[in-house]
1. Restricting the search to the stretch 148-173, which residues are under 27 Å from Lys138 (Cβ atoms) and in contact with a Leu (Cβ under 9 Å, 6 or more places away or on another chain)?
2. Mind checking which residues of the stretch 164-193 are in contact with a strand residue (DSSP E or B) (Cβ under 8 Å, 6 or more places away or on another chain) and either surrounded by fewer than 19 Cβ atoms within 10 Å (Cβ to Cβ) or under 17 Å from Lys40 (Cα atoms) (or both)?
3. Spot the failing condition for Pro154; the list is (1) over 30 Å from Ser33 (Cα atoms); (2) open to solvent by less than 40 Å² (accessible area, probe 1.4 Å), and only one is missed.
4. Only residues in the stretch 83-101 that are at pLDDT 95 or above count as the first member; pair them with residues that are open to solvent by less than 50 Å² (accessible area, probe 1.4 Å) and of a type in the set (Val, Ile, Thr), Cβ under 6 angstrom, at least 6 apart or cross-chain, and list the lot.
5. Going by the conditions given, is Leu196 of a type outside the set (Phe, Trp, Tyr), in contact (Cβ under 8 Å) with a residue 24 or more places away in the chain, open to solvent by 10 Å² or more (accessible area, probe 1.4 Å) and in a helix (DSSP H, G or I)?
6. Being touching a residue at least 24 places away in the same chain (Cβ under 8 Å) and either within 30 Å of Asp62 (Cα to Cα) or more than 19 Å from the chain's Cα centre (by Cα) (or both) is the requirement here; does Tyr232 meet it?
7. Within 18 Å of the chain's Cα centre (by Cα), farther than 16 Å from Ile240 by Cα and not in a helix (DSSP H, G or I): is that true of Leu162 in this structure?
8. Being touching a residue at least 60 places away in the same chain (Cβ under 8 Å) and charged (D, E, K, R) is the filter; apply it to the stretch 161-177 and report the residue that is farthest from Arg123 (Cα to Cα).
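The values are calculated or read from the model by the stated rules, or taken from the named source; none is laboratory data. The structure displayed is predicted, hence computed values, not measured ones. Note that each Cβ is placed from the backbone with ideal geometry, even for glycine, and that neighbours are counted across all protein chains shown. When the accessible area is computed, the model is the full protein with side chains, heavy atoms only, and any ligands, DNA or RNA have been set aside. Shrake-Rupley method; radii C 1.70, N 1.55, O 1.52, S 1.80 Å.
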Amino acid sequence: MKRRAFIKGGASASLAVSLPISLTNVWTCTEYSILELMGKEDIDLFGKGISLRKEAHDAFLDMKKAAYKDGFDIKIISSYRDFYHQERIWERKYLQFTEDRGMQPLDAIDKIIEYSTIPGTSRHHWGTEIDIIDGYPKTSGNVLVPGKFEDGGPFEGLKKWLDEHSESFDFYLTYTKEPKRKGFKYEPWHYSYAPLSIPMLTSFRKKNLLKLLQTEEFIGSEHFTTGFLKTYIRDNVLDINPELL
């Protein structure tokens, strides 16, 4: 990571749920409002079909140009999503699992959080995250499948290129393949623009996430227990690529 502008310091705040806080790389003392971090406040986004904060947008275009020279067409499948977009995703999946598949509510929630976040906690609310593929290979079905980025998959080449080059543009894989990592499953398509997302996560960790999530009302949220939310924050919000902490 380009750490010239990063300051290594201790994080003194907690999640107000007695979760351990490790040393955090802090960009500046910038604070972000809870509404902004939860995707409930309008932010300036740049680029048609890109929808990222200005600095992330510019870095993405630089990375896209470099990849293009090497024969890859980086295509964004998803970037910024506000709270209400995430809420629709959550509720659609919850109803699909409970009504269409007959799953019990808690089993449905566990299934959802294999890949999808609780509304208000998605990193996609920040304008720093991208889900990307190579636009050149022909493929069918869901493109955001880990196997399509593995050996023999249509996006194998792009993934190898990203492994070598993405960090030089300050984009880091968020949910790695580290076997001891908990929370969301491996997402070889999800990259985060570290110079912005690190201070945003630092600010997010200072909020009382447990209390905030307990006040939200959407389909399925009535089944959230205090224990579940504490585990979710620890595993799904914080157990990510350590370079992004």
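1. Residues of the stretch 148-173 that are under 27 Å from Lys138 (Cβ atoms), as a first pass: 148-166, 169, 171, 173.
Scanning the stretch 148-173 gives Phe149, Leu162, Asp163, Ser166, Phe171, Leu173.
2. Taking the stretch 164-193 first, the residues in contact with a strand residue (DSSP E or B) (Cβ under 8 Å, 6 or more places away or on another chain) are 166, 170-175, 187-193.
Within the stretch 164-193, just Glu187 meets the criteria.
3. Just one mismatch for Pro154, condition (2).
4. Lys93/Ile112
5. On the way: of a type outside the set (Phe, Trp, Tyr): yes; in contact (Cβ under 8 Å) with a residue 24 or more places away in the chain: yes; open to solvent by 10 Å² or more (accessible area, probe 1.4 Å): yes; in a helix (DSSP H, G or I): yes.
Taking the combined requirement at face value, the residue satisfies it.
6. Details: touching a residue at least 24 places away in the same chain (Cβ under 8 Å): yes; either within 30 Å of Asp62 (Cα to Cα) or more than 19 Å from the chain's Cα centre (by Cα) (or both): no.
When the stated conditions are applied, Tyr232 does not pass them.
7. Values: within 18 Å of the chain's Cα centre (by Cα): yes; farther than 16 Å from Ile240 by Cα: yes; not in a helix (DSSP H, G or I): no.
Judged against the criteria, Leu162 is not a match.
8. Among those that are touching a residue at least 60 places away in the same chain (Cβ under 8 Å) and charged (D, E, K, R), it is Glu167.
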